[in-house]
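To start, the structure under review is shown below, and the notes come after it.
FYI, it's all coordinate maths here, none of it is from the lab. These figures come from a predicted structure and were not determined experimentally. All Cβ positions, glycine included, derive from the backbone under ideal geometry; neighbour counts span all protein chains shown.
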Ligand code: AQP
């Protein structure tokens, strides 16, 4: 049997990238899973704290994320939906695992390097603004490994931007096995499961991925945006002045991103979408993308609005999920303590 685990940060309303890169895949896996397979989907509040958060907004975003998981089709009868911060075992395991991985390895992670680049003074490379580099930004992937391994997860469905983090989780699992459980492989090495959909890029700057916390709200389409908001954002999306439509992510990142979005909505390949629009213009492509996105989001948006009014129900779902998650994670931790001599 498989143990399928993934998480999402409560850093805002999920956008098309989160939706097609992760959530759609979670729902699909849930539908295909065998009776013995376990599925766990976590709202990872501790991870959100690596960037400054307004406590009131974070509390609301945590609850909204539970509503959104339900709205897109995660079923609490089939999958464990829970808040990471309701399961203390994650932090305990994170500490133990952090002692098995070098600082250098964490410093080589792309996400850390991009934070470091932001903190570096553009004029003087040796000058670093240390105040924006908290320890959590460096050790974030260790906590992520603990999230995964606390359930002895075998599969992790995430967007392709997460590949390096899952590789690290595998190396950490391996390091634990070698240090404490040579005869019997205690942790299986979790497999990355990426979605067929390509990474969705920012609508205003297609050199960056679409992101919840990007400064420009026009750069993303959130799952709760209205038809009018979707129309404005797609209309304003950066493209190019080349005639006709072709799928060429390197030379035409903006146009190709629209094709990626269209393909994710319709289930075709981006190349097939490009072929359909080969002799047409950006206006026609944008109209089709707008229509397809609206068709994809109408149902989850309606369901989210309904669920958002059911705060007691949302809290109950999270509480029930936490009980189930704790039971599994605590069992792992009991064994981990024994193996490490901390029992
Ligand atoms: N642009 C994207 N395209 C495809 N997949 C994406 N994911 C994120 N952005 C894209 C996938 O969504 C899942 C949940 O992501 P997360 O909430 O853990 O945080 P993130 O990856 O850092 O996403 P954001 O939106 O950019 O959040 P912020 O701005 O808060 O950092 C993951 O499986 C991820 O791969």
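Taking 8 Å as the Cα distance limit and 6 or more residues as the minimum spacing, I'd like the relative contact order of the chain as a percentage.
On the way: 516 pairs, mean separation 77.7, N = 343.
The value is 23 percent.
Tilt of helix 253-266 relative to the longest C-alpha principal axis of the chain, in degrees (0 to 90, nearest 10)?
Between the helix axis and the principal axis of the chain, the angle is about 80 degrees.
In whole Å, how far is the Cα centre of segment 185-227 from that of segment 270-324?
Taking the Cα centre of each part, segment 185-227 and segment 270-324 sit 13 Å apart.
Among 99, 273, rank each residue by its count of other Cβ atoms within 10 Å, from fewest to most, as a rough exposure measure.
Working: 99 11, 273 24.
Going from sparsest to densest Cβ surroundings: 99, 273.
Relative to 2.2 N^0.38 Å, what does the C-alpha radius of gyration of segment 79-171 come to as a ratio? Two decimals please. Before the final figure, lay out the partial values.
Working: Rg = 15.0 Å, N = 93, 2.2 N^0.38 = 12.3 Å.
So the Cα radius of gyration is 1.22 times the expected 2.2 N^0.38 Å.
Counting each DSSP H run of 4 or more residues in the chain as -39500 (n - 2.57), what helix-only mean residue ellipticity at 222 nm follows after dividing by all residues, to the nearest 500 deg cm²/dmol?
Values: 13 runs with 176 residues, N = 343.
Only helices count here, giving -16500 deg cm²/dmol.
Once the Cα atoms of helix 135-149 and of the chain are each reduced to a long axis, what angle between those two axes, in degrees from 0 to 90 to the nearest 10, is obtained?
80 degrees
Can you tell me the order of 283-296, 122-135 when each peptide is scored by its average per-residue count of other Cβ atoms within 10 angstrom, highest first?
Values: 283-296: 18.1, 122-135: 9.6.
Top of the packing list down: 283-296, 122-135.
When ranked by the protection proxy of mean other Cβ atoms within 10 Å per residue, highest first, what sequence do the peptides 39-52, 230-243, 107-120, 186-199 form?
Details: 39-52: 20.8, 230-243: 16.0, 107-120: 13.4, 186-199: 18.3.
For the peptides 39-52, 230-243, 107-120, 186-199, the packing ranking is 39-52, 186-199, 230-243, 107-120.
Helix 163-180 sits at what angle to the longest principal axis of the chain, using alpha carbons and giving 0 to 90 degrees rounded to 10?
Computed tilt is about 10 degrees.
Based on the Cα atoms of the chain, what semi-axes does the equivalent ellipsoid have, where each is the square root of 5 times one gyration tensor eigenvalue, given in whole Å with the largest first?
Working: eigenvalues 247, 119, 76 Å².
That gives 35, 24, 19 Å for the three semi-axes.
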